[in-house]
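Asks: Dropping the structure in here first, questions after.
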Amino acid sequence: MNKLLTILLGCFLMLMCTSTKAQQAPPQIDTRIYEIIENTSADRIETDIRKLVDFGTRNTFSDTVSETRGIGAARRWIKAEFERISAECGNCLEVFYQKDLVKKGSGSRVPHDAYVVNVVAVLRGTDYPSSYVMMSGDIDSRVSSATDFTSDSPGANDNASGMAGTIEAARVLSKYKFKHSIAFVGLSGEEQGLFGGAGLAKYAQEQNWDIVGVLNNDMIGNIEGVDGVIDNRTFRIFSEPTPANETDRQRGARRFTGGEVDGNSRQLARYIHKQVKTYMPEMNPMMIYRLDRFGRGGHHRPFNDLGFAGVRIMEAHENYNRQHQDLRTENGIAYGDVIEGVNFPYAEKLTSVNAISLAGLAWAPPAPKDVRIGGAVRPSATLQWEATDDKNIAGYKIYYRLTTSPTWDNFVYVSGVNEHTLEGIVIDNYYFGVAAVGKDGNESAVVFPYQQIRRR
Ligand SMILES: [Zn+2]
């Protein structure tokens, strides 16, 4: 009897060993991602930027009645364009306006009451329909004064480029089915106080959108810096270090367990950086460890305010003569955000950066939940996460990096488990995180363990 037990136990252990050893990671490359890069078109982006510029002004407080001039005509065209794209994919997009009334006096840049109207197009996810990855650009433009709603304000780079990139990404990605929903959005009221982003962030929260990340594009077409630097490969990904709405208790705990540069927005920035390094190695993504440019704002911030992961994607070299300027020539310098300042192939590259990041996240399984860590005063680190029977998950990557490294440089792949110990890796000397990996190799953003493992 004892002998039989030993044999059975031996078999059982062998099975365990073989099943945990046979952890062949899914492919590292999804060839559909190359297709997406290939299918993004500079010509279509150019056509759309020209179309947006042709509305004369897209100031948030400009005319809404005219069919040819002002923000009303511009947003109707954007909505119609999303509907055209939808018609070509069997009505795959849910297109709608989301709007809020902004009252005169609710900010120093509000000249009169107006509806701030956003345009939203949702490509509904097959497996996680209430989980959203979002790409945004802005509809509105401005000149020297943010409240000048009548002067010509082409806003070719700021931010017809981001808007056109968002429309083009919708065209390319609508040819595929994704597990998560993708929202392509045109936001308004950016230049007067981030009103559109605040409105949509609140709407998303009320509708219980589970937002994986917001990729906000604001100026993705200028390659000629005001300092004379010309660079068509470098771009910036701005992300705040930790969520703005964290509690004092969370902040206090972090002092003892680390994670000062590992909030959800930073993990999103690292994800984009990694997608680009993998699939577009000719590009130079710069992760900027700050919410936005010094003292300046963008439409990812209202999403960050509510705790959603969100980053700003933009050119590396800005030209201030072409931003927020009345059209004029002074001392031989031409001021104004005109079409001549936009490089369409560069806008195409940054659109691809967005599209491949949206696709990766939307094809991947959801990020692991309740990720925890343990290993104080031991020569090993243990990661644990919530067990799930999600059939889309092939396994998990446990990432770790030196505390000074900006990128997740090392990983161990595991499957069929919801806990793993990294032997010989001292918890004090590294940062750790866990990502879920799908059968096609696409993976979620990394989740940093802010909680410690509780042993009963
Ligand atoms: Zn601006």
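Asks: Suppose the filter is open to solvent by 20 Å² or more (accessible area, probe 1.4 Å) and either acidic (D, E) or modelled with pLDDT of 95 or more (or both); does T257 pass it?
Replies: Considered against the rule, which asks whether it is open to solvent by 20 Å² or more (accessible area, probe 1.4 Å) and either acidic (D, E) or modelled with pLDDT of 95 or more (or both), T257 comes out as no.
Asks: Of the conditions (1) more than 30 Å from E206 (Cβ to Cβ); (2) in contact (Cβ under 8 Å) with a residue 24 or more places away in the chain; (3) out of contact with any helix residue (DSSP H, G or I) (no Cβ under 8 Å at 6 or more places or on another chain), P366 fails just one. Which one is it?
Replies: It is condition (1) that P366 fails.
Asks: So in the range 229-244, with the set limited to residues that are assigned to a loop (DSSP other than H, G, I, E, B) and over 18 Å from the mean Cα position of the chain (by Cα), which one is farthest from the ligand (Cβ to nearest atom)?
Replies: Going through the qualifying residues, I end up with R233.
A quick yes/no check of all residues on (1) over 17 Å from P27 (Cα atoms); (2) in contact (Cβ under 8 Å) with a residue 40 or more places away in the chain; (3) part of a loop (DSSP other than H, G, I, E, B):
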| residue | (1), (2), (3) |
| --- | --- |
| D370 | yes, yes, yes |
| A376 | yes, yes, yes |
| E386 | yes, no, yes |
| D389 | yes, no, yes |
| Y400 | yes, no, no |
| W408 | yes, yes, yes |
| F411 | no, no, no |
| G416 | yes, yes, yes |
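Asks: Another one. Specify the residue that is nearest to A74 (Cα to Cα); the eligible residues are those in the range 136-156 that are acidic (D, E) and within 14 Å of the ligand (Cβ to nearest atom). Can you show your working first?
Replies: Narrowing the range 136-156 to residues acidic (D, E): 138, 140, 148, 152.
Pick out the ones that are also within 14 Å of the ligand (Cβ to nearest atom) and you get 138, 140, 148.
Numbers: D138: 11, D140: 9, D148: 17 Å.
Per the criteria, the residue is D140.
Asks: Determine if the range 394-416 includes at least one residue that is under 30 Å from R171 (Cβ atoms) and not aliphatic (A, V, I, L, M).
Replies: Scanning the range 394-416 turns up no residue that is under 30 Å from R171 (Cβ atoms) and not aliphatic (A, V, I, L, M).
Asks: While we're here: Restricting to the range 204-228, what's the tally of residues that are more than 15 Å from the ligand (Cβ to nearest atom), within 24 Å of R266 (Cα to Cα) and charged (D, E, K, R)?
Replies: 1
Asks: Within the range 270-337, considering only strands (runs of 3 or more DSSP E) that don't extend past its boundaries, which have at least 3 residues that are crowded, with 23+ Cβ neighbours inside 10 Å?
Replies: The strands (runs of 3 or more DSSP E) meeting that bar are 310-315.
Asks: Then there's this: Applying the selection to the range 86-110, what residues are among the charged types (D, E, K, R) and surrounded by 16 or more Cβ atoms within 10 Å (Cβ to Cβ)? First the steps, then the outcome.
Replies: Narrowing the range 86-110 to residues among the charged types (D, E, K, R): 88, 94, 99-100, 103-104, 109.
Within the range 86-110, K99, D100, R109 meet the criteria.
Asks: Here's another thing I want to ask about it. Looking at the range 33-68, which of its residues are touching a Phe, Trp or Tyr at 6+ places or on another chain (Cβ under 6 Å) and either surrounded by fewer than 23 Cβ atoms within 10 Å (Cβ to Cβ) or farther than 13 Å from M163 by Cα (or both)?
Replies: I33, A42, E46, N59, F61, S62
Asks: Another question about this same structure. How many of the residues making up the range 104-137 are among the β-branched types (V, I, T), more than 24 Å from G155 (Cα to Cα) and either in contact with an Asp or Glu (Cβ under 9 Å, 6 or more places away or on another chain) or modelled with pLDDT under 95 (or both)?
Replies: 1
Asks: While we're on this one: Could you check Y279 against (1) within 16 Å of the ligand (Cβ to nearest atom); (2) closer than 23 Å to I167 by Cα; (3) out of contact with any strand residue (DSSP E or B) (no Cβ under 8 Å at 6 or more places or on another chain) and say which number it fails?
Replies: (1)
Asks: So is S130 closer than 23 Å to Q207 by Cα, of a type in the set (S, T, N, Q) and not in a loop (DSSP other than H, G, I, E, B) or not?
Replies: Judged against the criteria, S130 is a match.
Asks: Could you check the range 199-227 and list, in sequence order, the residues that are assigned to a helix (DSSP H, G or I) and open to solvent by less than 50 Å² (accessible area, probe 1.4 Å)?
Replies: Narrowing the range 199-227 to residues assigned to a helix (DSSP H, G or I): 199-206.
Across the range 199-227, the qualifying residues are G199, L200, A201, A204.
Condition check ((1) in contact (Cβ under 8 Å) with a residue 60 or more places away in the chain; (2) away from the ligand (no atom under 16 Å from the Cβ)) across all residues:
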{"site": "Q275", "(1), (2)": "yes, yes"}
{"site": "R290", "(1), (2)": "no, yes"}
{"site": "F303", "(1), (2)": "yes, yes"}
{"site": "R312", "(1), (2)": "yes, no"}
{"site": "E315", "(1), (2)": "yes, no"}
{"site": "E318", "(1), (2)": "yes, no"}
{"site": "N321", "(1), (2)": "yes, no"}
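Asks: Give the range 226-238 a look and list any residue that's out of contact with any Gly (no Cβ under 8 Å at 6 or more places or on another chain) and of a type outside the set (K, R), or say none.
Replies: V226, D227, G228, V229, I230, N232, T234, F235, I237
Asks: Would you check which residues across the range 245-269 are in a helix (DSSP H, G or I), without any contact (Cβ under 8 Å) to a residue 12 or more places away in the chain and not basic (K, R) and list them?
Replies: So the first thing to find is which residues in the range 245-269 are in a helix (DSSP H, G or I), and the list is 248-257, 264-269.
Now narrow it down to the ones that are without any contact (Cβ under 8 Å) to a residue 12 or more places away in the chain: 248-249, 251-252, 255-256.
Of everything in the range 245-269, those that are in a helix (DSSP H, G or I), without any contact (Cβ under 8 Å) to a residue 12 or more places away in the chain and not basic (K, R) turn out to be D248, G252, F256.
Asks: What number of residues within the range 157-197 satisfy the criterion of being within 16 Å of the ligand (Cβ to nearest atom) and either of a type in the set (K, R) or surrounded by fewer than 24 Cβ atoms within 10 Å (Cβ to Cβ) (or both)?
Replies: The qualifying residues number 2.
Asks: Between a first residue in the range 327-345 that is closer than 15 Å to G56 by Cα and a second residue that is in a helix (DSSP H, G or I) and open to solvent by 70 Å² or more (accessible area, probe 1.4 Å), which pairs have beta carbons less than 9 Å apart while being 6 or more apart in sequence or on different chains?
Replies: Sorted first by the residue in the range 327-345, then by its partner, the pairs are I339/R50.
Asks: Would a scan of the range 428-451 turn up a residue that is more than 30 Å from I237 (Cα to Cα), open to solvent by 50 Å² or more (accessible area, probe 1.4 Å), out of contact with any Asp or Glu (no Cβ under 6 Å at 6 or more places or on another chain) and at pLDDT 95 or above?
Replies: No, the conditions are met nowhere in the range 428-451.
Asks: Give the range 55-111 a look and list any residue that's within 28 Å of R124 (Cβ to Cβ) and assigned to a loop (DSSP other than H, G, I, E, B), or say none.
Replies: Those that are within 28 Å of R124 (Cβ to Cβ) and assigned to a loop (DSSP other than H, G, I, E, B): E88, C89, G90, N91, C92.
The values are calculated or read from the model by the stated rules, or taken from the named source; none is laboratory data. What you see is a predicted model, and the numbers here were worked out from it, not measured in a lab. Because the Cβ atoms are built from the backbone with ideal geometry, glycine has one as well, and the counts that use them run over all protein chains shown. The accessibility values were calculated without ligands, DNA or RNA, using every heavy atom of the protein model including side chains. Shrake-Rupley method; radii C 1.70, N 1.55, O 1.52, S 1.80 Å.
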